[in-house]
Structures are given as C-alpha cells and as structure tokens.
Amino acid sequence: MQVIVDSLLTHYEILGQGKTILLLHGWGDNTAGLRALQANLAKKYKVIAVDLPGFGGSQPPNSAWGLDEYAQFISDFLSKIDAGKMLAVVGHSNGGAIAVRGLARRQFAADKLVLLASAGIRGEYKGRVKALRLITKAGKALTAPLPKSLKARLRKKVYRTVGSDMLVAEHLQETFKKVVTDDVRADAGRLRLPALLIYGDQDESTPVSYAKMLNEAIEGSKLEVLPGTGHFVHLDEPEKTTKLITEFLQ
C-alpha cells in the first residue's frame, strides 16, 4: 500500500487483525527484511510495517534528516493511516533508536516497546564517524579527475574498506551522519513502559555492551541475549525471537 506523508510517497504493509504493532526497520533495510517477523506476529496481531523515507518503496527526504525528523514522520504516518492505539512498537537497529526517540518525546505512543539489536548508543561512534568523514573527503579528492563511472566504483571500494553503512544508502550520506551522531540514552531514561531488548552475542554493529547501556537506562526493561546470532537476530533465530516477543506482549 502507498500513502503520501509529509509530501513523500510512502510504502507500507499491514497484516493480521487484533491489537496493533508497528515494525520499524533498520538503516539500509526495508519492510522486506521484517516480512517473516511480521507474518509470524500477524497470527495474533495487526502488524504495520513501513518503509522509512529513503528506503524500500518510500521516497527519500528532501533534506538531511536525523532521528527527530524520522520520529515526526512516524507520528504523521500513524495519523495519516489512522492507526489508533498501539500495543507495541518493535524497532530493529536504527528503527529502535527512532522508536526510543519518538516514544520518549511523546511524538507517538504505545503500551510496550521491543528493541531488536537497537542502535542509539552513539558516543562510542565518534572516532569512527570522524574517520569516515575524512576518508569520504579523501575519496572524493582522489577520484575527482576520473571519469564518473570509475569514480563511483572507487568510492564504493573506499567505503567498503572501512565498513561504512553509508555505502548501503549512498544517497543518504548526510542523513546517515546526522543519525549516527545522535545518542538516545537520555531519551531511554525517560521511558516509562515495559520494554524488551533482544540482542545477538555475535553482533558487531550494536554489541551486547550497548544493549546493557540501554537496559540500564530503561527502567524495568528486560534484556535477552541470543547466543550465536548477529545483528539480524530476527533472521538468525526467527522462532526464538518471535516466541520472546509474543510472550512479552501477552
């Protein structure tokens, strides 16, 4: 399905019936990455999944966005489709950071929160972000005299060498820089709702050390660490992840 939200063509999907759950994907992903989880949860609930602006079937924003803008977009999206009262928001990676920001600042509301390998611990990224910016500038300078096609290939090689997530959505580089410098720990400390955190012990993008920080910040939250899983816990262990979520929601 499609709808216009904040002048942006937005793609979203709804499955199931019952109390409403909102799924928010991570950076570089889209609703397709959460489709299996959506289908499993839709056996008991009405599950809404939306492509965030710039990803999947949704138009990119016209300027550089941060978590504030994405959270406001979610608020406007929910109003536009008349989503009504939500039982829970389930956010993966950057989607988790957006959920924490939006719920803490009351841009939207839900009874419960589920964070899947959530991002949002940004202080530890400072050195890496600075390095990425320097490498990006250097890459542009070094490739400036080259043909456009070769220039693009070489820049991608540079980004890949440092493991930059900017490569996943190169058209959103400025948005990426805003997002990865925005820490949500203070927002997490303001949350007053039941929260479940699910992380993988092999996750290098949002490691367990970050999970513990959010767990400490969110009063009364519960942390589950799944052994042998990486950043996409819902894909590495779909049955365990679904079981943990459904038990928490009940």
Item to check | Those residues of the stretch 178-207 which are of a type in the set (Lys, Arg) and either at pLDDT below 95 or touching a helix residue (DSSP H, G or I) at 6+ places or on another chain (Cβ under 7 Å) (or both), in sequence order | outcome: LYS178, ARG185, ARG190
Item to check | Criterion (surrounded by 16 or more Cβ atoms within 10 Å (Cβ to Cβ), over 23 Å from GLY28 (Cβ atoms) and in contact (Cβ under 8 Å) with a residue 12 or more places away in the chain) met by exactly one of ALA217, ALA211 | outcome: ALA217
Next on the checklist: Considering only residues that are closer than 24 Å to HIS171 by Cα and either without any contact (Cβ under 8 Å) to a residue 24 or more places away in the chain or not assigned by TED's automatic domain parsing to the domain that holds LYS80 (or both), which ones fall in the stretch 8-37?
Outcome noted: none
Item to check | Those residues of the stretch 220-250 which are outside any strand (DSSP E or B), surrounded by fewer than 19 Cβ atoms within 10 Å (Cβ to Cβ) and in contact with an Asp or Glu (Cβ under 8 Å, 6 or more places away or on another chain), in sequence order | outcome: PRO227, GLY228, GLY230
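Based on this model, can you work out whether ILE121 counts as of a type in the set (A, V, I, L, M, F, W, C) and in contact with a strand residue (DSSP E or B) (Cβ under 8 Å, 6 or more places away or on another chain)? Show your work before the answer.
On the way: of a type in the set (A, V, I, L, M, F, W, C): yes; in contact with a strand residue (DSSP E or B) (Cβ under 8 Å, 6 or more places away or on another chain): no.
No: the conditions fail for ILE121.
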Item to check | Whichever residue in the stretch 75-102 is aliphatic (A, V, I, L, M) and surrounded by 24 or more Cβ atoms within 10 Å (Cβ to Cβ) and, among such residues, is farthest from the chain's Cα centre (by Cα) | outcome: ALA88
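Is it the case, given these coordinates, that ASN40 is assigned by TED's automatic domain parsing to the domain that holds ALA188 and either closer than 22 Å to PRO194 by Cα or in contact with a strand residue (DSSP E or B) (Cβ under 7 Å, 6 or more places away or on another chain) (or both)? Step through it out loud before you land on a result.
Values: assigned by TED's automatic domain parsing to the domain that holds ALA188: yes; either closer than 22 Å to PRO194 by Cα or in contact with a strand residue (DSSP E or B) (Cβ under 7 Å, 6 or more places away or on another chain) (or both): yes.
Criteria met by ASN40.
The values are calculated or read from the model by the stated rules, or taken from the named source; none is laboratory data. As the structure is a prediction and not an experimental result, all values here were calculated from the model. As a convention, Cβ positions derive from the backbone with ideal geometry for all residues, glycine included, and neighbour counts pool all protein chains shown.
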